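Chemist: Sharing a structure here in structure tokens format.
The values are calculated or read from the model by the stated rules, or taken from the named source; none is laboratory data. If you're wondering where the values come from, they're calculated on a predicted model, not measured in any experiment. Quick reminder, even Gly has a Cβ in these numbers, built from the backbone with ideal geometry, and neighbours come from all protein chains shown. In case anyone asks, the SASA skips ligands and DNA or RNA and just uses the protein heavy atoms, side chains included. Shrake-Rupley method; radii C 1.70, N 1.55, O 1.52, S 1.80 Å.
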Amino acid sequence: SFNLDGSTLYQSIAAIFIAQLYGIDLSISQQLLLVLTLMVTSKGIAGVPGVSFVVLLATLGSVGIPLEGLAFIAGVDRVMDMQVQVDRANLAVKTSLNAVEDAQTRYNATVEKYGAESEKAQAAAKDLQLAQERYQVACERADMIQGNLNEAMVQSAITVIPSLITMITSVSTLT
């Protein structure tokens, strides 16, 4: 299944943005070729940050869009990829917190029904401890990924400034 519609949409919009920036009018057939090519290539995209940028690099030439145009979106692309990673990590935290709540509820019900020293309560306590450990790991991972996003934003700001200068220079030479 083509479950990467968001990636295809982002890449298509980025490609059309670059084409418009360079004043290139893409015909409907070129736009369809671009979208179809991106659909097929996005099928092979792994969950690795920055891979959509590589796919764009490989695809833009097929419809005559200058590859240099990728410099205009380079700084933003990394931050967007990192934000997706942060969102996934936050979802893992929420999911593991739900698991802790469920384990706590099961433990409380088991203790109430069988007593704290029962074998079933001991097993429920182990399940609760495991859920708490998974929650802790998820929180630590989310903190690490958020730190990576912050670092990526700084790096992107450094990248975007030269790209903006290039864009302003390119646009002023087109007019």
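Chemist: Which number in (1) surrounded by fewer than 19 Cβ atoms within 10 Å (Cβ to Cβ); (2) within 30 Å of Phe17 (Cα to Cα); (3) in contact with a helix residue (DSSP H, G or I) (Cβ under 6 Å, 6 or more places away or on another chain) marks the one condition that Ala92 misses?
Modeler: All conditions are met except number (2).
Chemist: Which residue pairs have Cβ atoms under 9 Å apart, sit 6 or more places apart or on different chains, and have a first residue in the range 112-139 that is in contact (Cβ under 8 Å) with a residue 24 or more places away in the chain and closer than 21 Å to Asn98 by Cα and a second that is surrounded by 16 or more Cβ atoms within 10 Å (Cβ to Cβ) and among the aromatic types (Phe, Trp, Tyr)?
Modeler: From the range 112-139, the pairs are Asp127/Tyr107; Leu128/Tyr107.
Chemist: Just checking, does the range 101-110 include any residue being under 30 Å from Asp81 (Cα atoms), out of contact with any strand residue (DSSP E or B) (no Cβ under 6 Å at 6 or more places or on another chain), part of a helix (DSSP H, G or I) and open to solvent by 30 Å² or more (accessible area, probe 1.4 Å)?
Modeler: Here is the first cut: in the range 101-110, the residues under 30 Å from Asp81 (Cα atoms) are none.
No, there is no match, as no residue in the range 101-110 is under 30 Å from Asp81 (Cα atoms), out of contact with any strand residue (DSSP E or B) (no Cβ under 6 Å at 6 or more places or on another chain), part of a helix (DSSP H, G or I) and open to solvent by 30 Å² or more (accessible area, probe 1.4 Å).
Chemist: Here's another thing I want to ask about it. Can you confirm whether the range 152-166 contains a residue that is out of contact with any helix residue (DSSP H, G or I) (no Cβ under 6 Å at 6 or more places or on another chain), under 23 Å from Asn90 (Cα atoms), at pLDDT below 95 and part of a helix (DSSP H, G or I)?
Modeler: The answer is yes, given that some residue of the range 152-166 is out of contact with any helix residue (DSSP H, G or I) (no Cβ under 6 Å at 6 or more places or on another chain), under 23 Å from Asn90 (Cα atoms), at pLDDT below 95 and part of a helix (DSSP H, G or I).
Chemist: Next question, about the same structure. Hey, Asn148 hits all of (1) open to solvent by less than 70 Å² (accessible area, probe 1.4 Å); (2) not in a helix (DSSP H, G or I) but one; which does it fall short on?
Modeler: (2)
Chemist: Do you know which of the residues in the range 111-126 that are of a type outside the set (D, E, K, R) and in a helix (DSSP H, G or I) is farthest from Cys139 (Cα to Cα)?
Modeler: Here the residue is Tyr114.
Chemist: Condition (residue is in contact with a helix residue (DSSP H, G or I) (Cβ under 8 Å, 6 or more places away or on another chain) and of a type in the set (Asp, Glu)) applied to the range 69-87: is it met by at least one residue?
Modeler: Yes: the range 69-87 contains one or more residues that are in contact with a helix residue (DSSP H, G or I) (Cβ under 8 Å, 6 or more places away or on another chain) and of a type in the set (Asp, Glu).
Chemist: So, one more: Answer yes or no as to whether Ala125 is under 24 Å from Ser156 (Cβ atoms), modelled with pLDDT of 80 or more and of a type in the set (Gly, Ala, Ser).
Modeler: Here the answer is no, as Ala125 does not meet what is asked.
Chemist: Now for a separate question. The conditions are (1) at pLDDT 80 or above; (2) closer than 16 Å to Leu21 by Cα; (3) not basic (Lys, Arg), and Glu133 fails exactly one of them. Which is it?
Modeler: The number of the failed condition is (2).
Chemist: Still on this structure: Restricting the range 58-86 to residues that are open to solvent by less than 20 Å² (accessible area, probe 1.4 Å) and more than 22 Å from Leu34 (Cα to Cα), which is nearest to the chain's Cα centre (by Cα)?
Modeler: Met82
Chemist: Among the residues of the range 4-45, count how many are loosely packed, with under 15 Cβ neighbours inside 10 Å and modelled with pLDDT under 85.
Modeler: Here is the first cut: in the range 4-45, the residues loosely packed, with under 15 Cβ neighbours inside 10 Å are 5-6, 9, 13, 17, 20, 23, 25, 27-29, 32, 36, 40, 43-44.
Within this subset, residues satisfying the condition of being modelled with pLDDT under 85 are 5-6, 9, 40, 43-44.
Selection size over the range 4-45: 6.
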